[in-house]
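The values are calculated or read from the model by the stated rules, or taken from the named source; none is laboratory data. None of the values given here were measured: they were computed from a predicted structure. Every residue, glycine as well, gets a Cβ built from its backbone with ideal geometry; the counts of neighbours run over all protein chains shown.
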Amino acid sequence: MKKTTSTTTDLKLINRNKVYRYIYENDKVSKQDLVRDLGLSLPTISQNLTELFELGLLRYAGKFESSGGRKAKKISIIPDARMVIGVEIKMDHINIVAIDLRADTQPSRRMDNDFEASDSYGKFLAEAIEQYIREKAINPAIILGVGISIPGVLSEDKKNLINAPTLKARQVPIEALTKYITHKTFIENDANAGGFAELHSRKDLTALAFLSVSEGVGGSFIFNGVLYNGMNNRGAEFGHMTVVNGGKQCACGKFGCLEAYISTSMLMCGKDRRVETFFERLKAGEASCKTIWEEYLTFLCMGINNIRTIVDCDVILGGTLARYIGEYFEDIKKRLAGIAVFDYNADYLKLSNYTSNASAIGTALRFADEFIRTV
Ligand SMILES: [Zn+2]
C-alpha cells in the first residue's frame with residue numbers, strides 16, 4: 001500500500017514539474033497549450049496550475065489575441081520567485097552576484113580582501129554575502145543557496161580544496177570557508193562553473209571546451225551537456241599543459257606551463273599592472289606593448305589549437321582577457337587557421353557570453369537548475 005501512495009505522490013510531482021517546465025521553456029502559455037502539448041487532462045492541468053500559483057511561482061501576464069470567443073490568459077513563471085547568490089573567490093577580492101530563475105543578474109559587488117585559509121576569511125565571506133543580500137533587498141526566505149567558485153582543484157566530494165596555485169593554497173577544508181554562511185552552499189572550480197554558464201547560454205551546443213584566461217588560466221570540457229572532470233577531478237586544466245620544455249616558471253611551481261605565458265599578468269608594460277592599461281597602450285601603438293602582445297598571441301593560439309586538436313569541438317575563450325580582445329578576435333582566428341592541421345578557419349572559437357562574473361553565475365545556476373528540474 002505504502003508503495004502505491006509514494007508512486008502516486010511521485011507521479012503528482014512529476015506532472016507538476018512538467019507543467020512548470022513547459023511554462024518556463026515556452027515563456028507565455030495558455031491552459032489550452034498545456035492540455036494540448038503535455039497530454040494531461042484539463043482537471044490535472046488545472047490542479048497543478050492552482051498549486052503552482054499558490055506556491056507563488058506563476059502569474060498571469062495579459063491575454064492572447066483571439067479570433068473569436070474568450071481570450072485565453074497568458075500564464076508565465078515569476079523569475080524572481082526564487083533567487084540564488086553566486087560568489088567568485090579571487091586572489092585579492094570576491095565578486096558577489098544574484099541571479100533569478102531566468103539567470104538574469106542583479107548588479108554584482110566587488111569586495112577586496114586577500115584570500116586566506118582562515119576562520120576570519122570564512123567570517124568575511126558570510127558577512128559579505130549577508131551585506132549584499134541586504135543591499136539588494138532580497139528576501140532571505142526565497143534564496144535557494146549560495147554557489148561559490150574557486151580557482152583550484154577540489155576533491156571529488158568537494159570537501160577539500162586540494163591545490164589552488166593562484167590562491168597559494170593547498171589542502172584547505174571547504175568547511176572552513178563556508179561554515180558561517182547561513183544558506184545552503186555549493187562550491188565548484190571556477191572554470192567548470194564558467195563552462196557551465198556558457199553551456200546554459202548557448203542552447204545550440206552540447207559540447208564545448210572553455211578556456212578561462214585571467215591571472216590564472218583554467219578550463220573545462222563539457223560533453224553531451226555534462227562536465228567531464230577526469231578521474232581525479234582535474235580534467236581540462238589547460239593552463240598547466242606544457243608548451244615550452246623547461247620554460248618560464250608557473251604559479252604551480254612547474255616550468256613551461258601555458259599559464260606562465262598567457263596569464264593576464266603577462267600583459268603589462270611599464271609599472272602599471274592593470275590589463276586595462278596594457279590594452280590602452282597597445283591600441284595607442286606603443287612598441288613595447290606590441291612586442292609583448294605578439295609573443296602572447298603565439299602562446300595563446302598554441303594553447304587554443306592544442307585544445308581544439310584534442311577535443312574537436314567549439315572552444316570558448318573567457319575570463320578577464322575576453323573583456324578586452326573583441327577587436328583582436330578576427331586576427332586571433334586568422335592565426336589559428338594558419339597553424340591548424342585539420343581546420344580551414346577558426347569559426348570554432350567563440351568569445352565568452354560573459355564579460356564578468358561568469359563563474360559566479362555558473363555556480364549559482366546549479367541551484368536554479370535543480371529547482372526548475374524538481375519543483
Ligand atoms: Zn603550471
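Quick notes
- Residue match in segment 49-61 (condition: over 16 Å from Ile14 (Cα atoms) and part of a helix (DSSP H, G or I)): yes
- Test for Gly195: is it within 16 Å of the ligand (Cβ to nearest atom), under 22 Å from Ala346 (Cα atoms), buried (at least 16 other Cβ atoms within 10 Å of the Cβ) and modelled with pLDDT under 95: no
- Of all the listed residues (Phe238, Phe255), the sole one being crowded, with 19+ Cβ neighbours inside 10 Å and aromatic (Phe, Trp, Tyr) is Phe238.
- If you filter segment 266-293 down to residues that are loosely packed, with under 15 Cβ neighbours inside 10 Å and among the hydroxyl-bearing types (Ser, Thr, Tyr), you find that the one that is nearest to Phe329 (Cα to Cα) is Thr291.
Matching residues to (1) outside any loop (DSSP other than H, G, I, E, B); (2) within 18 Å of the chain's Cα centre (by Cα):
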| position | (1), (2) |
| --- | --- |
| Phe329 | yes, no |
| Lys333 | yes, no |
| Val341 | no, no |
| Lys350 | yes, yes |
| Tyr354 | no, yes |
| Ala360 | yes, yes |
| Arg366 | yes, yes |
| Asp369 | yes, yes |
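- Segment 179-191, residues that are over 14 Å from Asp369 (Cβ atoms) and surrounded by 15 or more Cβ atoms within 10 Å (Cβ to Cβ): Tyr180, Ile181, His183, Thr185, Ile187, Asn189, Asp190, Ala191
- Gly319 vs. criteria closer than 29 Å to Leu58 by Cβ and within 12 Å of the chain's Cα centre (by Cα): no
- Residue count for segment 271-282, restricted to those that are out of contact with any Phe, Trp or Tyr (no Cβ under 9 Å at 6 or more places or on another chain) and of a type outside the set (Val, Ile, Thr): 5.
- Boolean, Glu65 is outside the structural domain of Val35 (by TED's automatic domain parsing) and surrounded by fewer than 16 Cβ atoms within 10 Å (Cβ to Cβ): no
- Candidate set from segment 242-292 (those that are in contact with a His (Cβ under 9 Å, 6 or more places away or on another chain) and outside any helix (DSSP H, G or I)); member that is farthest from the ligand (Cβ to nearest atom): Leu258
- Look at (1) assigned by TED's automatic domain parsing to the domain that holds Lys123; (2) surrounded by 18 or more Cβ atoms within 10 Å (Cβ to Cβ) and you find that Leu58 fails only one, number (1).
- Figure legend. Inter-residue proximity from segment 183-209: first residues closer than 20 Å to Ala98 by Cβ, second residues charged (D, E, K, R), beta-carbon distance below 6 Å, spacing 6+ or different chains. Indicated pairs: Phe186/Arg366; Ile187/Lys158.
- Among the numbered conditions (1) within 15 Å of the ligand (Cβ to nearest atom); (2) under 23 Å from the mean Cα position of the chain (by Cα); (3) within 30 Å of Glu294 (Cβ to Cβ), the only one that Phe221 does not meet is (1).
- Hits in segment 163-192 (condition: of a type in the set (Val, Ile, Thr) and either touching a strand residue (DSSP E or B) at 6+ places or on another chain (Cβ under 6 Å) or modelled with pLDDT of 95 or more (or both)): Val172, Ile174, Thr178, Ile181, Thr182, Thr185, Ile187
- Residue identified as among the polar types (S, T, N, Q), free of Cβ contacts under 8 Å to residues at least 40 places away in the same chain and in the same structural domain as Lys184 (by TED's automatic domain parsing) among Asn48, Asn95, Asn113: Asn113
- Evaluation of Phe221 against the conditions (1) in a strand (DSSP E or B); (2) touching a residue at least 40 places away in the same chain (Cβ under 8 Å); (3) under 20 Å from Thr355 (Cβ atoms) shows that the sole unmet condition is (3).
- Qualifying residue in segment 123-132 (condition: of a type in the set (Asp, Glu), more than 17 Å from Gln106 (Cα to Cα) and crowded, with 17+ Cβ neighbours inside 10 Å): no
- Test: residue in segment 227-234 that is surrounded by 14 or more Cβ atoms within 10 Å (Cβ to Cβ), within 20 Å of Asn306 (Cα to Cα) and within 15 Å of the ligand (Cβ to nearest atom): yes
- When residues of segment 137-167 are limited to those that are more than 16 Å from the ligand (Cβ to nearest atom) and within 9 Å of Asn189 (Cα to Cα), the one surrounded by the most Cβ atoms within 10 Å (Cβ to Cβ): Ser149
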